[in-house]
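Each reported figure results from applying straightforward, stated rules to the coordinates on display, with no laboratory input. Bear in mind that the values here come from a model prediction, so they are computed numbers and not experimental data. Note that each Cβ is placed from the backbone with ideal geometry, even for glycine, and that neighbours are counted across all protein chains shown.
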Amino acid sequence: MSNQPCKQHYESLLALLNRWDHAYYVLDNPEVSDAEYDAVWQEVCALEAQHPAWVTPTSPTQRVGGKAIDSFQKIEHRLKMLSLANAFSLSETCQFFARAAQELDQISATLELVSEPKLDGLAISIAYQNGVLAYAVTRGDGEVGEDVTHNIKTIKSVPLRLLTSTPPEIIEVRGEVFMPKAAFAMLNAQAEDTATRRFVNPRNAAAGTIRQMDPSIAATRALQFIPYGLGAYQGTKVFTKHSDIIAYLTTLGFKANPYSQTLLASLEALTDNYHFMAEVRDSLPMEIDGIVYKIDDLAQQITLGFNARTPKWAVARKFPAQLQHTRLDAVDFQVGRTGVITPVARLTPVFVAGVTVSSASLHNMDEIERLGVCLGDEVEIQRAGDVIPKIVRVVKHGQSRQLICMPTHCPVCNAVIERSAGQAAYRCSGGLRCAAQAVEHIIHYASRKCMNINHLGSKLVETLHAQGVLSTIADIYSLSVNDIAELEGYGEKSAQNVIAAINASKATRLATFISALGIPEIGEESAKTLAHYFKNLTALRQASAEDILQVPDIGPIMARHCVAFFANANNQTIIQLILNAGVHWVDEATEHSVEKILAGQTWVITGTLSRPRNDVKMVLESLGAKVAGSVSKKTHCVLAGEDAGSKLAKAHELAVSIIDDATFMHEFDAFFNSAVKK
Ligand code: IVH
């Protein structure tokens with residue numbers, strides 16, 4: 001009891017610090033001197049040391065609270081996080097809104113829009129429960145992202161507790177985390193001093209920071225967060241306009257996007273707005289790569305709805321690619337995973353559209369000929385958003401020009417470089433004996449678009465290859481925790497994470513596996529076509545070039561590469577080892593022959609299941625169900641495993657059918673045998 005007045009005092013100090021932080025970091029309008037701030041900060045720290053029980057996660061001292069994490073947990077978004085359609089010209093922007101207006105039975109010049117700078121960072125969803133920051137997640141694939149709460153809490157413009165006495169029960173605040181230009185310049189200047197790695201642009205620096213395990217790094221990087229919308233919302237406010245939502249978010253303590261405006265979707269208004277934004281762009285404290293136009297009226301947004309990944313009520317008008325002149329100093333020849341040799345231009349470093357560019361792909365020797373470029377020439381380079389910079393033309397011949405020639409031997413393994421008749425590409429003839437090809441092949445196999453083996457990135461593959469424990473893709477499955485734990489920068493726990501990720505990736509799809517094999521000329525799309533046509537791996541392995549030529553969209557070069565790949569004894573052994581290690585998928589034949597008894601239904605999986613979640617998802621999908629990340633009135637059934645939490649509660653609340661793990665596994669057992677097989 002005697003503590004009470006003292007605790008009240010402590011809480012009033014916290015409120016003061018929060019108010020000052022808000023004034024400084026959100027409103028850019030400091031209320032007190034650094035000395036006054038520090039005095040209160042010290043007093044708070046002293047009180048917290050005396051009364052550890054008082055400290056809550058929303059104390060400003062807890063921004064860099066916990067210890068470093070050892071892996072990123074996956075979190076499902078309550079509502080899917082979408083991306084935006086792009087428009088590269090005024091006419092594309094006008095067309096976008098003309099279509100929307102037509103669907104709304106309205107004239108586009110009367111459609112009310114909001115324009116917002118398109119901040120160049122990364123999308124984050126921050127969830128607050130009863131006003132307290134609960135967790136923050138990256139966009140990921142839009143349905144499931146990674147928990148980066150530890151780093152987001154270090155951002156001073158993110159309130160740990162919303163500035164309201166009547167917070168909503170749940171609110172997901174969606175927005176962009178970015179690194180202001182000044183913070184980026186400082187970081188790279190430090191990198192220069194300490195000879196550490198420089199970041200190419202503020203977006204990469206922000207993304208690299210958010211992916212750190214240790215929050216004390218993010219705390220030094222001056223990231224910022226600006227919201228641009230809502231995800232899930234369970235509260236009492238009724239919003240009718242997007243601009244009302246943004247205004248509400250600023251009252252909760254978030255920063256406002258500078259130069260956001262309302263305008264009509266008329267040609268004149270869109271033209272003026274674009275010119276205005278292009279003019280203020282350089283004076284803004286952060287990088288922007290375009291303007292986002294959104295229909296303001298939420299009822300109209302609902303009427304228009306969404307495409308697969310983008311809303312029909314918003315579009316990103318991108319700024320054009322930027323051009324710069326620089327000198328072509330040298331050309332390196334890089335060896336890709338299929339042995340293709342790519343000439344890469346080494347340029348005198350030059351700053352283009354927020355990035356220092358020092359190299360550009362030249363694609364192949366034909367491109368070099370087409371450009372007529374020689375070493376020493378002054379060239380024009382172009383960069384648009386995250387597109388790899390390219391050389392557009394020669395501006396001026398250099399004084400001592402030197403022809404660019406393809407080497408006769410591979411720069412990595414010294415095997416002869418060959419060119420197949422009628423093809424632009426030169427290839428190293430060393431095959432997987434060439435270290436460059438072997439490493440690139442494994443990196444490709446493990447990559448997100450292929451087997452999606454988390455934690456097995458290019459650095460680790462290179463190291464394990466150099467150690468001699470990872471020579472082929474099949475060796476991935478005989479890696480042990482010890483192989484990895486002994487490497488510098490790794491420990492027991494992170495090694496276990498890699499092995500767990502390898503095991504988790506074993507449930508895949510046939511098309512993904514074909515594409516992961518890295519057959520020359522067979523990319524993601526052609527792998528899908530082949531999987532769809534041949535239905536299973538055995539049929540594809542036995543197919544002749546003539547058989548493969550029957551497949552729509554597969555040409556003779558692809559057919560020849562396929563046959564040669566599967567005829568190779570070494571490849572046959574590797575595939576067998578991979579299958580023996582437990583890699584499995586749903587055969588296309590099974591997928592199409594099973595009666596789609598769940599067609600049209602949406603299921604949600606929650607909690608811990610007695611079979612791998614990926615297998616369960618495959619079974620449901622093979623029966624025609626869609627597996628969604630969040631429960632809504634449209635959900636047909638929730639499959640609830642052990643420790644199911646908020647989704648199960650939501651299912652009860654909305655009276656959605658629920659099936660428990662044991663019942664589901666019993667009733668659907670037969671489908672597991674047919675749908676999930678090697
Ligand atoms: S709205 C459903 N507004 O751009 C609409 N996005 O290219 C979702 N971005 O993933 C996005 N500034 O990370 C929106 N003012 C803004 C934005 C913005 C930057 C990013 C965001 C999104 C990406 C799409």
(request) Please compute the net charge surrounding Val563, taking Lys and Arg as +1 and Asp and Glu as -1 over other residues with Cβ under 14 Å from its Cβ. (result) -1
(request) Give the calculated FRET efficiency between Arg346 and Asp660 to the nearest 0.05, with a Förster radius of 45 Å applied to their Cβ-Cβ distance. (result) 0.15
(request) Could you pull out the trypsin sites (Lys or Arg not before Pro) across region 421-523 that fall in loop regions by DSSP (anything but H, G, I, E, B) with no more than 14 other Cβ atoms inside 10 Å? (result) Arg448, Lys449
(message) Between Thr220 and Thr250, what is the label-point separation in nm under the 7 Å Cα-to-beta-carbon projection?
(response) 3.5
(request) Loop only per DSSP, at most 14 neighbouring Cβ atoms within 10 Å: give me the trypsin sites (Lys or Arg not before Pro) in region 324-382, ordered by residue number. (result) none
(message) At R0 = 41 Å, how high is the FRET efficiency between Arg393 and Val144 if r is their beta carbon distance? Nearest 0.05 is fine.
(response) 0.40
(message) Please list, ordered by chain and number, the residues whose modelled amide H lies under 5 Å from the amide H of Gly607; skip anything fewer than 5 residues away on the same chain.
(response) Gly641, Gly645
(request) Counting helices only, and only those DSSP H runs with n ≥ 4, report the 222 nm mean residue ellipticity of the chain as the sum of -39,500 (n - 2.57) divided by its residues, in deg cm²/dmol to the nearest 500. (result) -11000 deg cm²/dmol
(request) Could you tell me what percent of the DSSP beta bridges with both partners in the chain are antiparallel, to the nearest 5? (result) 80
(message) Suppose R0 equals 30 Å. What FRET efficiency, 1/(1 + (r/R0)^6) with r the Cβ-Cβ distance, do Ser91 and Gln324 give to the nearest 0.05?
(response) 0.65
(request) Give me the number: length gained by fully extending Ala46 to Ala421, i.e. 0.36 nm times residue separation minus the C-alpha to C-alpha distance, one decimal in nm. (result) 127.3 nm
(request) In whole Hz, with x marking every Gly and Pro, tabulate ³J(HN,Hα) for region 145-159 from phi via Karplus 6.51 cos²θ - 1.76 cosθ + 1.60, θ = phi - 60°. (result) x, 10, 6, 10, 3, 4, 7, 5, 5, 7, 7, 5, 8, 9, x
(message) Stokes-Einstein diffusion coefficient for the chain at 10 °C in a medium of 1.306 mPa s, Rh from the Kirkwood formula over Cα pairs: what value in µm²/s?
(response) 55
(request) Sort out the exposed loop GluC sites (Glu not before Pro) in the chain (DSSP loop, at most 14 other Cβ within 10 Å) and tell me the longest stretch that has none. (result) 170-485
(request) State, to one decimal in nm, how far the label point of Gln550 lies from the label point of Asn130, with both points 7 Å from Cα in the Cβ direction. (result) 6.6
(request) Return the whole-Å distance between the Cα centroid of region 159-191 and the Cα centroid of region 591-662. (result) 34
(message) Can you give me the long-range amide H partners of Gly290? Hydrogens built in the peptide plane at 1.01 Å from N, cutoff under 5 Å, separation of 5 or more residues or another chain.
(response) Lys118, Phe319
(request) Would you mind pulling out the separation of the Cα centroids of region 422-441 and region 65-104, in Å? (result) 38
(request) For region 199-275, just say rounded, prolate or oblate: build the C-alpha gyration tensor, square-root its eigenvalues into a ≥ b ≥ c, call rounded for a/c under 1.5, and beyond that prolate if a/b exceeds b/c, oblate if not. (result) oblate
(request) Give me the aspartates and glutamates in straight-line cross-link reach of Lys650: C-alpha distance below 20 Å, same-chain residues under 8 apart excluded. (result) Glu76, Glu143, Glu169, Glu172, Glu642, Asp660, Asp661
(request) Any lysines with Cα under 24 Å of the Lys596 Cα? List them, leaving off those in the same chain fewer than 8 positions away. (result) Lys528, Lys535, Lys617, Lys626, Lys633, Lys634, Lys677, Lys678
(request) Assign one of three labels to region 9-64, namely rounded, prolate or oblate, based on the Cα gyration tensor with a ≥ b ≥ c the square roots of its eigenvalues; rounded applies when a/c is under 1.5, prolate when it is not and a/b is larger than b/c, and oblate otherwise. (result) prolate
(request) Can you spot the lysines whose alpha carbon is less than 17 Å from Lys153's alpha carbon? Ignore those fewer than 8 places along the same chain. (result) Lys67, Lys255
(request) Write down the Å³ per residue value for the convex hull defined by the alpha carbon atoms of region 93-159. (result) 171
(request) List every residue whose amide H lies under 5 Å from the amide H of Tyr135, counting only residues 5 or more places away in sequence or on a different chain, with H placed 1.01 Å from N in the peptide plane. (result) Ala127
